[in-house]
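Peer 1: Below you'll find the structure I mean.
The values are calculated or read from the model by the stated rules, or taken from the named source; none is laboratory data. Computed from a predicted structure; not experimentally measured. A quick note on method: Cβ atoms are made from the backbone with ideal geometry, for glycine too, and the neighbour counts reach across all protein chains shown. Only protein heavy atoms, including side chains, enter the accessible area calculation; ligands, DNA and RNA are left aside. Shrake-Rupley method; radii C 1.70, N 1.55, O 1.52, S 1.80 Å.
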Amino acid sequence: MVIITFEVLAKGLGFVALFVTMTGYINKNDQYLRIAIAIAAGLLSVHYFMLSAWVAGISLAINFFRNQVAVKKSGFNWFLLFAVPQVLLGLLLYKGPLDVFPVIGSLLSGYAFFCTKDVKMRVLMLVCTLMWLTVNLMLTSYGAALQDTLSISMNLIGITRVMKDRKQTSL
């Protein structure tokens, strides 16, 4: 008889989010990347709530909605619309230094999605992913940590592909 615990189920969601995210990063289309990351954020939000990581959970719940808006909208005002509640809720739920990383990561990705594109967006997402990797290692969330590690790799491949396309179009 196999018994699946609540924690195992929560960590399993990290693996599901991993596969969703990978499809976004290997694609050259910025919109597809935003959609994939929105879906993964929703999955990981539930994952973090199940692990009682409240700041990480609320950060990704906001990111889930923010990323859907970022598919259609851009600009600094849109970034601020999501950044302000992100910071306020992060401060309200703050319990220790680990809670800083999800907020910083979410602010970086929000700015990337609303205010940048192409390589700049992907580089900011790279730094964001390092913030989340720190959280996931501290929570021993192996699926999410693997997602972050692979996201870094896939993002670097995406950056290379975008830069290669730029060079080919400039010739």
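Peer 1: Just wondering, is there one or more residues in the stretch 36-48 that are in contact (Cβ under 8 Å) with a residue 40 or more places away in the chain, over 16 Å from Thr134 (Cα atoms) and among the small types (Gly, Ala, Ser)?
Peer 2: Scanning the stretch 36-48 turns up at least one residue that is in contact (Cβ under 8 Å) with a residue 40 or more places away in the chain, over 16 Å from Thr134 (Cα atoms) and among the small types (Gly, Ala, Ser).
Peer 1: Here is a further query. Pairs under 6 Å by beta carbon, first residue in a helix (DSSP H, G or I) in the stretch 117-131, partner open to solvent by 50 Å² or more (accessible area, probe 1.4 Å) and not hydroxyl-bearing (Ser, Thr, Tyr), six or more apart or different chains?
Peer 2: Partner pairs satisfying both residue conditions: Met131/Phe101; Met131/Ile104.
Peer 1: Next up: Looking at the stretch 18-56 only, could you name the residues that are farther than 23 Å from Lys95 by Cβ and open to solvent by less than 10 Å² (accessible area, probe 1.4 Å)?
Peer 2: Hits for the stretch 18-56 are Leu18, Thr21, Gly24, Tyr25, Leu33, Ala36, Ala38, Ala40.
Peer 1: Considering (1) aromatic (Phe, Trp, Tyr); (2) at pLDDT below 95; (3) more than 17 Å from Gly75 (Cα to Cα), say which one Phe113 fails and leave the rest.
Peer 2: Against the list (1) aromatic (Phe, Trp, Tyr); (2) at pLDDT below 95; (3) more than 17 Å from Gly75 (Cα to Cα), Phe113 comes up short only on (3).
Peer 1: Same structure, new question: Going residue by residue through the stretch 74-93, is there one that turns out to be over 14 Å from the mean Cα position of the chain (by Cα), of a type outside the set (A, V, I, L, M, F, W, C), surrounded by fewer than 20 Cβ atoms within 10 Å (Cβ to Cβ) and within 15 Å of Leu44 (Cβ to Cβ)?
Peer 2: Looking through the stretch 74-93, none of the residues is over 14 Å from the mean Cα position of the chain (by Cα), of a type outside the set (A, V, I, L, M, F, W, C), surrounded by fewer than 20 Cβ atoms within 10 Å (Cβ to Cβ) and within 15 Å of Leu44 (Cβ to Cβ).
Peer 1: Restricting attention to the stretch 101-109, does a residue exist that is β-branched (Val, Ile, Thr), touching a helix residue (DSSP H, G or I) at 6+ places or on another chain (Cβ under 7 Å), at negative phi and modelled with pLDDT under 95?
Peer 2: The answer is no, given that none of the residues of the stretch 101-109 is β-branched (Val, Ile, Thr), touching a helix residue (DSSP H, G or I) at 6+ places or on another chain (Cβ under 7 Å), at negative phi and modelled with pLDDT under 95.
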